[in-house]
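In what follows, a single structure is set out as structure tokens and then discussed.
The values are calculated or read from the model by the stated rules, or taken from the named source; none is laboratory data. Nothing here was measured: the structure is a model prediction, and the numbers come from that model. Neighbour counts run over all protein chains shown; Cβ positions are idealised from the backbone, glycine included.
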Amino acid sequence: MSGGQSASGSSIKFTHLPACPAKYLAQIIVMGVQVVGRAFARALRQEFAASRAAADARGRAGHRSAAASNLSGLSLQEAQQILNVSKLSPEEVQKNYEHLFKVNDKSMGGSFYLQSKVVRAKERLDEELKIQAQEDREKGQTPHT
């Protein structure tokens, strides 16, 4: 028996066999990757645009505040939570700072870690108060024309 003949002697034609399924599978995978890639690129562009819009909405003060957060390692919200301050007033910040600093004094059985968090929170809020004061001064100074 040679390669194309059956036991009865008739020849079998392979021309009607389906194409290689691996080829179709590869095409499906390539198309899927392209669709996912386009969706990812679109989502990335939308996220970038939203981030830019949020940064523009924050304005220059947002940049200063973000820089202060990076330097202190605390966000404004974290600092407010640590010192239990709802709005930024220098008197409330100072009062809560003094109380929490004394309560967490190591010689009084407190925690040095918590005391250092209190100090960092006060530094962050002081920086924010300074930024706000500078903004107020800038708003008060209008260009003379």
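Structure values in brief
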item	result
All positions within segment 68-124 that are within 21 Å of Q134 (Cα to Cα), of a type in the set (D, E, K, R) and loosely packed, with under 13 Cβ neighbours inside 10 Å	K87, E91
Selected residue [at pLDDT 90 or above and either on the phi > 0 side of the Ramachandran plot or among the charged types (D, E, K, R) (or both)] from R38, R52, R60, R64	R38
